[in-house]
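Enquirer: Before anything else, here's the structure in question.
Quick note: the coordinates plus some simple rules give every number you see, no bench work behind them. As the structure is a computational prediction, the values presented were derived from the model and not from experiment. Cβ placement follows ideal geometry from the backbone for every residue including glycine, while neighbour counts extend to all protein chains displayed.
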Amino acid sequence: MNETLQTIKKRFSCRAYDGRLPEKEKLEAIALAGVQAPSAVNRQPWQINVITNKALIEEMDAEGMRILAESEDKSTYQRFMDRGGTLFYNAPCMFLILKKEGTDLDTGIVCQNISLAATSLGLDNVICGMARIPFNGPKGDEFKEKAGFSEGWEFGVAVLVGYGKMANSPHTPDTSKIRFID
Ligand SMILES: Cc1cc2nc3c(=O)[nH]c(=O)nc-3n(C[C@H](O)[C@H](O)[C@H](O)COP(=O)(O)O)c2cc1C
């Protein structure tokens with residue numbers, strides 16, 4: 001199996017980090033892999049903000065958990081409480097992908113490039129759709145400013161990156177979902 005296939009095979013969602021910030025060169029290489037993603041008509045409808053401001057990540061985490069705790073349906077809040085009580089798992093770095101309206105597919109490809117690049121460099125990571133919560137709450141504008149949103153850009157998705165505190169296994173691939181039509 002070649003290195004690309006090995007990286008795809010071993011990637012898993014890491015939900016516990018030791019807080020150590022990865023080396024700058026690794027973060028730069030991951031961001032570069034992000035902007036090397038293909039996009040429809042080569043529009044590249046993304047912006048990647050690499051957030052390593054610990055205080056900001058913690059502030060957004062706390063606000064996200066507060067919002068979940070106050071929402072009517074407590075199941076999501078409970079799920080995160082069961083996973084350690086944080087939204088971002090003590091990850092030291094957030095690759096925040098901003099998008100233009102209607103470009104979810106392009107965003108998904110960037111996010112997968114980032115995730116696989118991080119894995120290939122020995123870094124753990126998890127794609128984090130829940131990172132949208134603090135940006136949609138009452139302190140959303142403040143967080144958007146602090147996180148470097150530019151006018152006309154909206155939250156796409158985030159990828160949390162760092163050094164994992166525990167090993168985990170990738171999900172078992174369901175090969176029954178594959179059909180060869182000859
Ligand atoms: C679009 C998207 C959003 C996700 N959002 C979250 C999230 O907010 N928090 C989280 O812990 N995992 C999140 N995940 C990770 C999935 O839960 C995970 O990929 C899935 O359970 C399969 O596990 P694996 O990645 O370990 O193979 C997200 C994954 C995707 C593709």
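Enquirer: Out of the residues in the range 53-87 meeting the condition of being within 15 Å of the ligand (Cβ to nearest atom) and hydrophobic (A, V, I, L, M, F, W, C), tell me which one is surrounded by the fewest Cβ atoms within 10 Å (Cβ to Cβ).
Expert: Only one residue fits best here, namely M81.
Enquirer: Name the one entry in F88, F95, F80 that is touching a helix residue (DSSP H, G or I) at 6+ places or on another chain (Cβ under 7 Å), assigned to a loop (DSSP other than H, G, I, E, B) and not small (G, A, S).
Expert: None of the others qualify; the one that does is F88.
Enquirer: Follow-up question, since we're still on this one. Pairs please, first residue from the range 78-90 and without any contact (Cβ under 8 Å) to a residue 40 or more places away in the chain and within 19 Å of K54 (Cβ to Cβ), second anywhere and within 11 Å of the ligand (Cβ to nearest atom) and assigned to a loop (DSSP other than H, G, I, E, B), Cβ atoms under 8 Å, 6+ apart in sequence or on different chains.
Expert: Pairs that qualify, where the first residue is without any contact (Cβ under 8 Å) to a residue 40 or more places away in the chain and within 19 Å of K54 (Cβ to Cβ) and the partner is within 11 Å of the ligand (Cβ to nearest atom) and assigned to a loop (DSSP other than H, G, I, E, B): there are none.
Enquirer: Taking the range 11-39 only, how many residues are surrounded by 12 or more Cβ atoms within 10 Å (Cβ to Cβ) and either outside any loop (DSSP other than H, G, I, E, B) or touching a His at 6+ places or on another chain (Cβ under 6 Å) (or both)?
Expert: So the count comes out to 11.
Enquirer: Before we move on, is T107 within 10 Å of the ligand (Cβ to nearest atom) and among the β-branched types (V, I, T)?
Expert: The answer is yes for T107.
Enquirer: Could you tell me how many of the residues in the range 40-73 are more than 21 Å from L160 (Cα to Cα), in a helix (DSSP H, G or I) and touching a residue at least 40 places away in the same chain (Cβ under 8 Å)? Show your work before the answer.
Expert: Of all residues in the range 40-73, those more than 21 Å from L160 (Cα to Cα) come to 40-44, 69-73.
Then keep just the ones that are in a helix (DSSP H, G or I); that gives 40-42, 69-70.
Narrowing the set further to residues that are touching a residue at least 40 places away in the same chain (Cβ under 8 Å) leaves 40.
Summing the residues that are more than 21 Å from L160 (Cα to Cα), in a helix (DSSP H, G or I) and touching a residue at least 40 places away in the same chain (Cβ under 8 Å) in the range 40-73 gives 1.
Enquirer: So in the range 148-182, with the set limited to residues that are surrounded by fewer than 13 Cβ atoms within 10 Å (Cβ to Cβ) and among the acidic types (D, E), which one is nearest to the ligand (Cβ to nearest atom)?
Expert: Filtering the range 148-182 for residues that are surrounded by fewer than 13 Cβ atoms within 10 Å (Cβ to Cβ) and among the acidic types (D, E), the one nearest to the ligand (Cβ to nearest atom) comes out as D174.
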